[in-house]
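The values are calculated or read from the model by the stated rules, or taken from the named source; none is laboratory data. Small disclaimer: the values here were computed from a predicted structure and weren't measured. Here the Cβ positions follow ideal geometry from the backbone for every residue, glycine too, while neighbour counts run over all protein chains shown.
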Amino acid sequence: MSDATKIAIAPRRSLLSQDVTQVLYRLLTVLVICVALSLLSQSFFSLGNILNVLRQASLMFFIASGLTLVVLTAGLDLSVGANVALSACIAGTVIHHTGSTALGVLSGLATGAGVGLLNGLMVTMLRIPSFIATYGMLWVLNGLTYWYMAGETIHGFPPGFRQIGSGYLLGLPTPVYLLVIFLAIGTFFAQRTTWGQQIYAIGANPVAARLSGIPVNRRLLMVYAVSGAMAGLASIVFLARLNSAEADIGESLTLPAIAAVLIGGTSLFGGVGTVFGTFVGALILTLVLNGMNLLQVNASWQPFVTGIILILTVWLDMKSRQRAR
Amino acid sequence: MKHHHKSICVTLTLLVLGGIATGARADGETIAVFTKNQTNPFFQAVRVGADLAAKSLGAKTLHYIPTKSDSISEQLSQIEDVVVKKPSAIVLDPVDYKAMVPGVEKINDANIPVVNFADHSAGGSFVSFVGGDDYRISLETARFLLKTIGGKGNIVIIEGVKGTLTNAERIRGFKDALAENPDAKLVASQPGNFQRLQALQVMENLMQSNFQIDGVLAANDAMATGVIEALDAANRKAVVIGVNGTKEAVDAIKAGKLLASGDYDGFIQGCVATMIAIRAARNQPVVKEIVLKPAVITKDNYQPFDLPLESRICPTWDDAAKLGTK
């Protein structure tokens, strides 16, 4: 038993230092993009714009951080965007009917977590590969949301609730506080708790993890539920920030969230990556949009520029790490 | 969808039997209505309009909507299915105005009358076309904004999805209105991809580099509301217009947050296109083309648009035939 534990846990410890160097290199990329944008646009380097970028990155981070845990177990959650849409529509309805912000927030989080739990059950109990299980879930959720909303938009929420998304606290946007809190919790959970270490172990070698006595299914269930709950949180922030939601808001959220996880250095094969890296990934994606808007890059060229920057970012990062070794 | 197909069969069988039994022709036609997705409020308005028009003329509608929004392949296979089932007539908004031409040709080969609405198909033969004119609608709505702010100031355009005809025409309308007002300065034109969140973020970014923005022309209502939220959160003021005339936009106009929305009337399009389809199935005369006159919804005329879809009334055939500019 103790030998097996070593097999499962040992690779992660040695990878951790690599994870840290990787994140440092990614931060360097962020710095390069920031310096370049500061030189190109005088509006970039201001407190207002930095807070603006952080607030924009927060929404993507919420979705991507939960997803990071799933990817760390070598799984994938393709249903996050559709989950955000359904959770937002349900939370919106609850607020409209009860007038209660607390009930709205709870229903959004519960819907998100519930969907995540179902994903987890499909992956663990039914042994359906996560890609297929969550892809199927995406369609189920889309169908439910389309039927429920019937082409309508749900809009107009009380000012108290709106504070969560568009308010300020001591000069800082509320979502930025949530970003810092969940970044801290996520990092602590993944790096410093037994459960977090077990997640890395499952991703690195599921067989060894099982043999070493890690309750693999329970951890997987938890990971998918957390991913769902974070989508639920994103839906609340979305609703509070946009003051409205419709059935198709999720479609444009899933791929960027997956991209943020991967740009942040988390491996699709599991066992390697950090929540902080995902934050950096979300930051890079947000900076690209911010920079293109500030520099007024022509709309036709924006997808092209985004693609080139993303590929360059990851390639340069791989190169610099090879050299560093 | 399977269920729908079955019900078409049943309906058609009953129709034929009913026809033989009573000797009556025409009544109880089935009209297959093709819309592009389940999420855009515009198509919801089209479907309600189509249902009401069919009901008033004693016909039935069957709705075909791709489960994946705006999916070319899915609409094509739905058309293939429908051609086999032979409805009395078809009402079609092609998901892609070029890619759907082979589908239209299949309908033509099967001799089913088909009415085109919203997006003008690049080919195939249609009984009639019913639609709004994106260019004129956007031109008139942008003119209204520019007139309101005295023809001068800093203007931002939030574009839709690049490469779509709708977006190209709307942006052309905006830019032509700007060209008529030399004192109005276009400070930025950036894409929000018809998405609320993206429009909000783009507006937040543009406010960082532009300290004075007087007017915002958004290519649809969802983006216009995103822009309004960005302005509100930053405590900035600018007049905003959108296009589509959605319920949400009408509410925002009522609340004084949105100046105007160009009315791309889905309800009327659904009514009129379905009426024409039924008339074609009954061999009654139709109008070849109805391009709805552009209407700008403002705080002075929003009342009729404030009604829930179900309680709106389709125009009579005589009024409908007069609606168009052509």
(request) Quick one: A:F45 ticks every box in (1) more than 13 Å from chain B (Cβ to nearest Cβ); (2) over 21 Å from A:Y148 (Cβ atoms) except a single one, so which number is it? (result) (1)
(request) Kindly indicate whether B:G256 is surrounded by 21 or more Cβ atoms within 10 Å (Cβ to Cβ) and either touching a residue at least 12 places away in the same chain (Cβ under 8 Å) or touching a Cys at 6+ places or on another chain (Cβ under 7 Å) (or both). (result) no
(message) Within region A:165-177, take every residue that is part of a helix (DSSP H, G or I) and surrounded by 21 or more Cβ atoms within 10 Å (Cβ to Cβ) and give me the one that is nearest to the chain's Cα centre (by Cα).
(response) A:P175
(request) Determine which single condition A:A57 fails, assuming it passes every other condition in (1) within 23 Å of A:I311 (Cα to Cα); (2) small (G, A, S); (3) surrounded by fewer than 17 Cβ atoms within 10 Å (Cβ to Cβ); (4) within 14 Å of chain B (Cβ to nearest Cβ). (result) (3)
(request) Would you confirm whether any residue within region A:250-265 is among the polar types (S, T, N, Q), in contact with a strand residue (DSSP E or B) (Cβ under 9 Å, 6 or more places away or on another chain) and within 14 Å of chain B (Cβ to nearest Cβ)? (result) no
(request) For residues that are outside any helix (DSSP H, G or I) and of a type in the set (S, T, N, Q), tally how many sit in region A:58-88. (result) 2
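Given the options A:S227, A:S244, name the one that is out of contact with any strand residue (DSSP E or B) (no Cβ under 8 Å at 6 or more places or on another chain) and touching a residue at least 12 places away in the same chain (Cβ under 8 Å).
Within the list A:S227, A:S244, the selection yields A:S227.
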(message) Looking only at residues that are of a type in the set (S, T, Y) and surrounded by fewer than 23 Cβ atoms within 10 Å (Cβ to Cβ) in region A:262-305, which one is nearest to B:S209 (Cα to Cα)?
(response) A:S300
(message) Checking the structure you have, find out if any residue of region A:178-187 is modelled with pLDDT of 90 or more, surrounded by 14 or more Cβ atoms within 10 Å (Cβ to Cβ), in a strand (DSSP E or B) and touching a Ser or Thr at 6+ places or on another chain (Cβ under 7 Å).
(response) no
(request) Working only within region A:306-318, note down all residues that are within 16 Å of A:C34 (Cα to Cα) and either within 14 Å of another protein chain (Cβ to nearest Cβ) or surrounded by fewer than 12 Cβ atoms within 10 Å (Cβ to Cβ) (or both). (result) A:T306, A:L312
(request) Tell me which residues, restricted to region A:185-210, are free of Cβ contacts under 8 Å to residues at least 12 places away in the same chain and more than 16 Å from A:A64 (Cβ to Cβ). (result) A:F188, A:R192, A:T193, A:T194, A:G196, A:V207, A:R210
(request) Could you please give the count of residues in region B:144-172 that are away from chain A (no Cβ under 14 Å) and under 28 Å from A:W301 (Cα atoms)? (result) 4
(message) Kindly evaluate B:L206 against the criterion of being within 7 Å of chain A (Cβ to nearest Cβ) and either closer than 30 Å to A:L169 by Cα or not in a helix (DSSP H, G or I) (or both).
(response) yes
(message) Can you confirm whether A:G171 is without any contact (Cβ under 8 Å) to a residue 12 or more places away in the chain, over 20 Å from A:I258 (Cα atoms) and either in contact with a strand residue (DSSP E or B) (Cβ under 7 Å, 6 or more places away or on another chain) or within 14 Å of another protein chain (Cβ to nearest Cβ) (or both)?
(response) yes
(request) Give the residue that is surrounded by the most Cβ atoms within 10 Å (Cβ to Cβ), with candidates limited to residues of region B:259-271 that are aliphatic (A, V, I, L, M) and at pLDDT 95 or above. (result) B:A260
(message) Suppose we filter region B:173-197 for residues that are facing another protein chain (nearest Cβ under 7 Å) and assigned to a helix (DSSP H, G or I); how many remain?
(response) 2
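Yes/no matrix, rows are residues, columns are (1) buried (at least 18 other Cβ atoms within 10 Å of the Cβ); (2) over 17 Å from the mean Cα position of the chain (by Cα):
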site	(1), (2)
B:A277	yes, yes
B:A281	yes, yes
B:Q284	no, yes
B:V287	yes, yes
B:I290	yes, no
B:A295	yes, no
B:I313	no, yes
B:A320	yes, no
(request) Could you list, in sequence order, all residues of region B:186-226 that are more than 16 Å from B:A142 (Cβ to Cβ) and of a type in the set (S, T, N, Q)? (result) B:Q190, B:N193, B:Q195, B:Q198, B:Q201, B:N205, B:Q208, B:S209, B:N210, B:Q212, B:T225
(message) When the residues of region B:83-103 are narrowed to those that are among the hydrophobic types (A, V, I, L, M, F, W, C) and in contact with a helix residue (DSSP H, G or I) (Cβ under 8 Å, 6 or more places away or on another chain), which ends up nearest to A:W139 (Cα to Cα)?
(response) B:V95
(request) For A:L221, indicate whether it is in contact (Cβ under 8 Å) with a residue 40 or more places away in the chain, among the hydrophobic types (A, V, I, L, M, F, W, C) and touching a Gly at 6+ places or on another chain (Cβ under 7 Å). (result) yes
(request) Name the one entry in B:A45, B:A54 that is crowded, with 19+ Cβ neighbours inside 10 Å, within 14 Å of another protein chain (Cβ to nearest Cβ) and within 21 Å of B:G131 (Cβ to Cβ). (result) B:A45
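Conditions (1) part of a helix (DSSP H, G or I); (2) touching a helix residue (DSSP H, G or I) at 6+ places or on another chain (Cβ under 6 Å); (3) aliphatic (A, V, I, L, M); (4) crowded, with 17+ Cβ neighbours inside 10 Å, marked per residue:
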position	(1), (2), (3), (4)
A:A102	yes, no, yes, no
A:G120	yes, yes, no, yes
A:V123	yes, yes, yes, yes
A:I132	yes, no, yes, no
A:N142	yes, yes, no, yes
(message) Suppose we filter A:V280, A:V261 for residues that are within 20 Å of A:N49 (Cα to Cα) and hydrophobic (A, V, I, L, M, F, W, C); which single one remains?
(response) A:V280
